[in-house]
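First comes the structure, then the notes that go with it.
Where a number appears in this text, it was derived from the coordinates with a stated rule and is not lab data. All of these numbers come straight from a predicted model, not from anything done at the bench. Quick reminder, even Gly has a Cβ in these numbers, built from the backbone with ideal geometry, and neighbours come from all protein chains shown.
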Number of protein chains: 2
Amino acid sequence: MTPTQLFEQIQRKHSFLCVGLDADMAKTPEHLRSAANPIFEFNRAIIDATHHVAVAYKPNTAFYEAHGTLGWEALEQTVGYIKQHHPEIMVIADAKRGDIGNTAKMYARAFFERMDCDAITLSPYMGHDSVEPYLEYPNRWAILLGITSNLGYADFQTIENKETGLRLFEEVLQRSAQWGGADRLMYVVGATRPDYLKAVRRVAPNHFLLVPGVGAQGGRLDDVARHGMNRQCGLLVNSSRSIIYADTGRRFAEAARCAAVELQGQMQQQLQQAGLI
Amino acid sequence: MTPTQLFEQIQRKHSFLCVGLDADMAKTPEHLRSAANPIFEFNRAIIDATHHVAVAYKPNTAFYEAHGTLGWEALEQTVGYIKQHHPEIMVIADAKRGDIGNTAKMYARAFFERMDCDAITLSPYMGHDSVEPYLEYPNRWAILLGITSNLGYADFQTIENKETGLRLFEEVLQRSAQWGGADRLMYVVGATRPDYLKAVRRVAPNHFLLVPGVGAQGGRLDDVARHGMNRQCGLLVNSSRSIIYADTGRRFAEAARCAAVELQGQMQQQLQQAGLI
């Protein structure tokens, strides 16, 4: 998927919503638990209910690995289902991998070849040769952690480099610009840190940003849009729990649809204010 | 597993060898390819051939995920096989995960509950709450990336903090000391960077270090022992490719045994010189 295709989808759907598919079996409605693969059935219902307002889906691998082979099968089925029925929607493997070159090649094979994911999230800690193997795939994306939405972000991400005066997350943005362009790289910037969005945009004005933390984690959409939006929107705002667990009973899919449409309505307003639709 | 149990095993086997189980199907001997699960069959043969000199096994998840559900099944079977037949041997999931708290709990469940791994490797980029869920499991370990063995290590890991004068990897060592002790945390320090071992030992004299990079990546065992060994040995030196692919034909397991025994002999010498056996 190219940045232009992504922006066209955003304009068509009046939305920059990414739905996080973090199915927790403990919260899955009871009537699905007897299905052959309850996690996949849950995801399928969520996808059927939200695809008209979602421009991306983001399964987090942890929630699948917690269920072993059944979980991994559900992950593969979920990616396959999205790509079969809604090939225009971006699929982001939220895997936060990061390993040496020959190992990174294996992860790239897992997520870009065996599965047909468009993007994978990566930790930048190990540097360029842990990211480059993913950049060799045309029209696929590596999404590097920049400033994350959790409490521990301040432990290392804001450390200031004695030599350059840049903070670690700014070093990640600046150095990785030499590894690939805005058509291959995105960055994770937590919605809970809107002030940092400004700093990110100073170094990376053109990149798409994946923004988690709206909803359950407390981030606000208008703050994110004000500081982060660019001329191609440049934002994918993720919401997981507040959509997929809007209701945990029989009506979970209908409730997810409503929560997603509600968020899409707010996004439409932001896109209109910015003159992008 | 406690540090004392690990050291006792090291003394008993005269070895601090960790064997990396990174089975690459393309390099798996032909006669195994018709097995129900060639990756597991390969691993089983390697384990049978090396368990008398290995104190730890380290499957890297990438090599399993590259084969989808079959790969994940092989990973679970491999961990189960080690724990059933050699419960004293440490199993390290080389997963390099790192995610927010509620997600980290899912990974901990995957590797410490569904599978019976003793340890998991983690990227420290996201800070304390991405590590703490793993530390709640008694006698299991979180192994944080410190200085890695790949070329890209210098992109971020050696950035010097303007405020403290410490380099990023030293910040990781120092801050994480507040999250857990030497009975719960280890650090990855690449054998290709022996000079950094000295710096690591200044901040973390008592921790066990997981040292990859001996063999195929060019690190030297005597350098590692000279700079990194402490009074409980404090080292797990990993070798993957130079053991498991010592021969890629029918005699692969016998060749792996010889390569492992050869390395164990060198380790015995280092342990003797240090007066630890």
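Quick notes
- Part-to-part distance (alpha-carbon centres) for region A:21-81 and region B:141-212, which is given in Å: 37
- If you take all other residues with their beta carbon under 11 Å from the beta carbon of A:Thr61, and give Lys and Arg +1 and Asp and Glu -1, the sum is -1.
- Neighbour-count order for B:Thr50, B:Thr61, B:Thr192, A:Thr158, fewest beta carbons within 10 angstrom listed first: A:Thr158, B:Thr192, B:Thr50, B:Thr61
- Note on chain A: with a GNM built from Cα contacts shorter than 10 Å, the maximum mean-square fluctuation among A:Ala119, A:Ala191, A:Ala45 falls on A:Ala45.
- Each residue in B:Tyr107, A:Tyr81 was given a count of other beta-carbon atoms within 10 angstrom of its own, and listing them fewest first yields A:Tyr81, B:Tyr107.
- Along region A:42-48 the Karplus relation, 6.51 cos²θ - 1.76 cosθ + 1.60 evaluated at θ = phi - 60°, assigns HN-Hα couplings of 4, 4, 4, 5, 5, 5, 4 Hz to successive residues, with x for each Gly and Pro.
- Peptide A:157-164 shows a mean partner chain C-beta count of 5 within 10 Å per residue C-beta.
- Region A:64-71 - phi-based ³J(HN,Hα) in whole Hz, Karplus 6.51/-1.76/1.60, Gly and Pro as x: 8, 4, 4, 10, x, 4, 4, x
- Shortest-first nm distances, A:Thr4 label point to equivalent points in other copies (7 Å, Cα→Cβ): 6.8
- Remark on B:Lys96: its backbone amide H falls under 5 Å from those of B:Thr121, B:Leu122, a criterion applied only to residues 5 or more positions apart or on other chains, H modelled at 1.01 Å from N.
- Shortest-first nm distances, B:Glu113 label point to equivalent points in other copies (7 Å, Cα→Cβ): 3.4
- Across region A:111-122, computed HN-Hα scalar couplings (Karplus, 6.51 cos²θ - 1.76 cosθ + 1.60, θ = phi - 60°) run 8, 9, 10, 4, 9, 9, 6, 8, 8, 9, 7, 9 Hz from first to last residue, x flagging Gly and Pro.
- Over the protein assembly as shown, the hull volume per residue, using the convex hull of the C-alpha atoms, is 129 Å³.
- Geometric descriptor of chain B, per residue, is 117 Å³ (volume of the convex hull of the Cα atoms).
- Compactness relative to 2.2 N^0.38 Å, alpha carbon Rg of region B:35-153: 1.08
- Using R0 = 51 Å, the C-beta based FRET efficiency linking A:Gln273 and A:Ser34 works out to 0.65.
- Beta bridge orientation in region B:3-273: antiparallel %, DSSP, nearest 5: 5
- Shortest-first distances to equivalent copies, position B:His86, nm, label 7 Å out along Cβ: 4.7
- Residues whose placed amide H lies under 5 Å from that of B:Leu166, excluding near-sequence neighbours: B:Asn161
- Ordering A:Phe7, A:Phe16 from the fewest to the most neighbouring beta carbons within 10 Å gives A:Phe7, A:Phe16.
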